[in-house]
Each structure stands twice: as C-alpha cells, then as structure tokens.
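A short worksheet on the structure shown next.
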Amino acid sequence: MSEQMLKVVGLGPGSEALLAPAALAALKWCDVAVGYSVYTDQVRALFPEKEIFTTPMTREVERCRAALQLAQAGRRVAMVCSGDAGVYGMAGPILELAPAYPGVQVEVIPGLTAALSGAAVLGAPLMNDWCVVSLSDHLTPWSVIEKRLQAAAMGDFALCLYNPMSRQRPGHLRRACEILLAAGKPADTVCGWVQNIGRKGQKHRLLTLAQLQNETVDMFTTVFIGNAFTQNCAGRMVTARGYNTQ
C-alpha cells in the first residue's frame with residue numbers, strides 16, 4: 001500500500017450499527033479524520049484519540065485540499081461524509097482534485113445512503129425504478145431541479161428527496177410537490193418521510209402527496225414519494241414490482 005493514502009469514507013446514517021465494516025476499518029486505520037464537524041463528531045465519539053480537521057460548510061474544496069495535502073505528507077487520512085461518500089458527498093471533489101497531488105492514492109469506501117436506510121424504516125418504497133433529487137439549490141440551479149422533478153413525474157418514478165427544507169429554503173418542499181402535481185402525480189400518491197435516520201429522535205410518517213405540501217421538515221429528513229403502484233400496506237410504504245402478477 002502506498003504511504004500516501006487517502007480514504008473517502010461514507011459513515012452511513014449516523015448509527016454505529018449501520019456503519020459498514022470497511023468504513024469502521026478505515027477509521028481505525030487513519031490517524032487524522034477530515035470532514036464537516038457534524039460528521040467528525042461521529043468519529044470522535046468512536047475514536048477520541050484521532051486527530052480531527054474540519055472546515056465550515058461551503059468550504060468543501062478547502063477541506064478536500066487539506067485532506068490531500070495531509071496524505072501527500074504521509075499521514076493516514078480519512079475524509080468522512082454522511083451516508084455514502086459518492087452520493088452528494090466528498091468522493092467527487094476529492095477525485096477531481098487528486099491529479100494535482102501525484103502519488104496520493106484515493107480509495108472510496110461505500111456507506112449506506114439515506115435513500116436506502118430511510119426506505120427500510122418506511123417499508124419498501126423503492127422496489128422498482130426510482131430516482132433521487134436534492135432540493136438544495138446551493139450548487140444546482142432551481143431551474144435544473146424543476147426539470148428533473150418534472151421528468152421523474154412524467155416517467156412515474158418513485159422519488160427520494162434529499163435536503164427538502166432548511167431555514168434558507170423553507171418553501172422548497174412545497175414547490176417540489178406543486179411541480180410534481182402539475183406534471184401528473186396524483187394528489188393521493190403515497191408518500192413518507194424519515195427524520196434522523198438511525199439516530200436518536202428518529203421519526204417517520206406516511207401521508208399523501210397533497211398532505212406533503214404542508215409538512216414542515218428539516219435537513220435531517222429524507223422524503224419519499226411513491227409511483228402509481230405504491231401502497232400503504234398496514235402502515236408500511238410499499239411499491240409493488242409485480243411479483244404477485246406472475
């Protein structure tokens with residue numbers, strides 16, 4: 001193994017029980033963990049002896065450069081993210097910047113993304129074709145998000161929404177629901193949300209698309225919107241794949 005190694009680690013939803021064995025091994029291996037403080041706090045809780053390097057939100061590129069520089073200097077570095085590092089995480093920017101740091105080997109360690117861990121709480125909402133859309137317009141223009149929502153509705157995909165609402169974006173979930181309704185999603189489409197997946201205070205709810213318009217959630221909530229075959233099966237959100245028609 002190269003002496004210049006950086007591992008990009010997906011921590012999963014936050015529970016140690018849902019931390020992948022390869023991710024846990026990477027945290028044991030590293031001597032410095034780099035990441036946003038919410039995620040490095042998880043590392044500190046497991047390994048209080050580890051050195052921690054953080055930067056605030058919106059300074060992700062600075063954080064990635066610091067991780068690569070530390071690895072280039074011979075440190076064993078874990079760049080940590082929530083969920084999966086390749087799903088709205090740091091794997092992309094690390095790999096984009098890595099060519100400027102020759103000799104640094106980058107390994108991406110997969111984690112359990114919120115779409116999958118949240119789906120398990122609700123039941124089986126992603127049993128057939130589905131897509132995931134982030135409602136954060138910090139890096140993606142809202143016009144692009146709107147087109148993706150319209151396309152998902154027209155294709156009758158089940159949908160998973162990340163970053164549905166924040167203090168800066170209190171109306172984004174309502175706008176998304178309005179777009180989906182206008183594009184043909186029925187108002188009685190079965191939907192659900194899960195908050196604080198795998199962590200203390202976990203909550204979830206099943207409801208309709210019409211009801212979802214008026215929900216107040218937060219950045220730690222993942223929203224699920226069904227397709228034409230999604231049902232509320234005794235309190236579980238289930239998207240039929242068609243096995244019972246064989």
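The values are calculated or read from the model by the stated rules, or taken from the named source; none is laboratory data. None of these values were measured; they are calculated from a predicted model. Here Cβ is always computed from backbone atoms with ideal geometry, including for glycine, and neighbour counts include all displayed protein chains. Calculation scope for accessible area: heavy atoms of the full protein, side chains included, ligands and nucleic acids excluded. Shrake-Rupley method; radii C 1.70, N 1.55, O 1.52, S 1.80 Å.
Wholly within the range 17-131, which strands (runs of 3 or more DSSP E) include no fewer than the required count, namely at least 1 residues that are without any contact (Cβ under 8 Å) to a residue 60 or more places away in the chain? Full working, then the answer.
Details: elements: 32-34, 51-53, 77-81, 105-109.
Here the list reads 32-34, 51-53.
With the structure loaded, tell me whether residue 174 is in a loop (DSSP other than H, G, I, E, B) and surrounded by 13 or more Cβ atoms within 10 Å (Cβ to Cβ) or whether it fails that test. The answer is no for residue 174.
Would you point out the residue of the range 206-246, among those that are charged (D, E, K, R) and under 16 Å from residue 165 (Cα atoms), that is surrounded by the most Cβ atoms within 10 Å (Cβ to Cβ)?
First pass over the range 206-246, keeping only residues charged (D, E, K, R): 215, 218, 236, 241.
Right, trim to under 16 Å from residue 165 (Cα atoms) and you get 215, 218.
On the way: 215: 17, 218: 12.
It comes out as 215.
Just one of the numbered conditions (1) more than 17 Å from residue 214 (Cβ to Cβ); (2) open to solvent by 60 Å² or more (accessible area, probe 1.4 Å); (3) more than 22 Å from the chain's Cα centre (by Cα) is not true of residue 167: (3). Step by step: first the residues of the range 63-111, then only those that are within 20 Å of residue 23 (Cβ to Cβ) and among the hydroxyl-bearing types (Ser, Thr, Tyr), then the one that is least open to solvent (accessible area, probe 1.4 Å). Which residue is that? Only one residue tops the list, namely 82.
Under the condition of being in contact with a helix residue (DSSP H, G or I) (Cβ under 8 Å, 6 or more places away or on another chain) and more than 18 Å from residue 74 (Cα to Cα), the residues counted in the range 25-38 number 2. Return the residues of the range 8-34 that are at pLDDT below 95, surrounded by fewer than 21 Cβ atoms within 10 Å (Cβ to Cβ) and not charged (D, E, K, R); say none if nothing qualifies. Within the range 8-34, 15, 17, 18 meet the criteria.
Can you tell me which residue within the range 112-150, out of those that are over 13 Å from residue 224 (Cα atoms), within 15 Å of the chain's Cα centre (by Cα) and of a type in the set (Ser, Thr, Tyr), is surrounded by the fewest Cβ atoms within 10 Å (Cβ to Cβ)? Selected residue: 136.
Cβ contacts < 9 Å: first residue closer than 23 Å to residue 241 by Cα, restricted to the range 145-166; second residue open to solvent by 50 Å² or more (accessible area, probe 1.4 Å) and among the polar types (S, T, N, Q), any location; separation 6+ or different chain. Result? Note: pairs meeting the criteria are 157/128; 158/128.
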